[in-house]
1. Mind checking which residues of region 219-257 are of a type in the set (S, T, N, Q) and in a strand (DSSP E or B)?
2. So which residues in region 84-114 are in contact with a Pro (Cβ under 9 Å, 6 or more places away or on another chain) and either at pLDDT below 80 or small (G, A, S) (or both)?
3. When you go through (1) at pLDDT below 90; (2) touching a Gly at 6+ places or on another chain (Cβ under 9 Å); (3) more than 30 Å from P108 (Cα to Cα) one by one for V218, which number turns out not to apply?
4. Within region 134-172, can you find the residues that are in contact with a strand residue (DSSP E or B) (Cβ under 7 Å, 6 or more places away or on another chain), free of Cβ contacts under 8 Å to residues at least 60 places away in the same chain and part of a strand (DSSP E or B)?
5. Kindly evaluate R179 against the criterion of being surrounded by fewer than 19 Cβ atoms within 10 Å (Cβ to Cβ), charged (D, E, K, R) and within 30 Å of G159 (Cβ to Cβ).
6. Starting from region 228-241, keep only residues that are in contact (Cβ under 8 Å) with a residue 60 or more places away in the chain and under 16 Å from R193 (Cα atoms), then list their pairs with residues that are among the small types (G, A, S) and loosely packed, with under 15 Cβ neighbours inside 10 Å whose Cβ atoms are within a distance under 6 Å, requiring at least 6 positions of separation or different chains.
7. Going by what's in this entry, would G211 be described as more than 19 Å from Y141 (Cβ to Cβ) and either in contact with a Leu (Cβ under 9 Å, 6 or more places away or on another chain) or assigned to a helix (DSSP H, G or I) (or both)?
8. Take region 227-241 and flag every residue that is in contact with a helix residue (DSSP H, G or I) (Cβ under 6 Å, 6 or more places away or on another chain) and buried (at least 19 other Cβ atoms within 10 Å of the Cβ).
Amino acid sequence: MRNLLAALLLLVPSALVSGAQGEPEKPGLLIRGTMEDIPIDELLQITAEYDKMQFVYDPRKVVGTVTISAPREGLEWKTGELRPLVQDALGRFRLTAVQSGDTWQILPSSESFTRAPVVPSARLEDYAEDQQVAVLVPLEYTDAKSVRRVLQNLTSRTGGRVVPAGNAVMICDSCKRARELLKIVNEMEEAARLVTRRYPLPPGTDADEWGQAVYQLVAFNPERTCAVSSAPGGGALIVTTAQSVHMEVENAIDALR
């Protein structure tokens, strides 16, 4: 086993540059070649010392080793870039680092959901990408269980979960993945948003018969909301359904022509 602190992570003097206040920035860390069997606790120690972080964990649970491969000429890691590496290493053992004030607690991934800070979706940009967060997402047009079915296989292995909560879902994951999942939820909401449109019919057609036929063609799914009626005076159909279903309505009317 190699010693990570003594032999593998080297200070890079050339990284010293002037900061915004005229003070030198902290040098980067240079990782070279293949580093085998690095103990997780040793990786935590170098991260704590270099990034001035505090980790709290049960040493009986935080065990194991990882191997890191880098270019032979070296790969520089700057301040703040080691923590994502630690999160990825912990994820190999179903562990997650969750911030609690100035301390990072290392927990089994299954427990991180209860310790992650609850963050408004509008403030996700204020958090580091690897930080574990919980986001409550209200739903207006989609069903919470349906959203969960779509998202549950897209969560990360480091404590990612999606839990229905009434007419909302609670997403718990890294901030980066939570933003990605939130984007999917917003797209599902937009697709399910109810929209009313007027569809002109060919002259001489029976609007009621066409309405029944269109309804049977597009409303076969009981989870869909779809209302079809004749326009006043006939000659057109008034259809209220999800944005994504209107394409099927157009296809159904074209098929009936």
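The values are calculated or read from the model by the stated rules, or taken from the named source; none is laboratory data. Since the structure is predicted, the reported quantities are computational estimates derived from the model, not experimental observations. Every residue, glycine as well, gets a Cβ built from its backbone with ideal geometry; the counts of neighbours run over all protein chains shown.
1. Here is the first cut: in region 219-257, the ones of a type in the set (S, T, N, Q) are 221, 225, 229-230, 240-241, 243-244, 251.
Residues satisfying the conditions are S229, S230, T240, T241.
2. Within region 84-114, just S100 meets the criteria.
3. Tallying (1) at pLDDT below 90; (2) touching a Gly at 6+ places or on another chain (Cβ under 9 Å); (3) more than 30 Å from P108 (Cα to Cα), V218 fails exactly one: (2).
4. A134, V135, L136, V137, P138, R161, V162, V163, A168, V169, M170, I171 - these are the residues of region 134-172 that are in contact with a strand residue (DSSP E or B) (Cβ under 7 Å, 6 or more places away or on another chain), free of Cβ contacts under 8 Å to residues at least 60 places away in the same chain and part of a strand (DSSP E or B).
5. yes
6. none
7. Values: more than 19 Å from Y141 (Cβ to Cβ): yes; either in contact with a Leu (Cβ under 9 Å, 6 or more places away or on another chain) or assigned to a helix (DSSP H, G or I) (or both): yes.
Answer is yes for this residue.
8. Selection gives V228, L237, V239.
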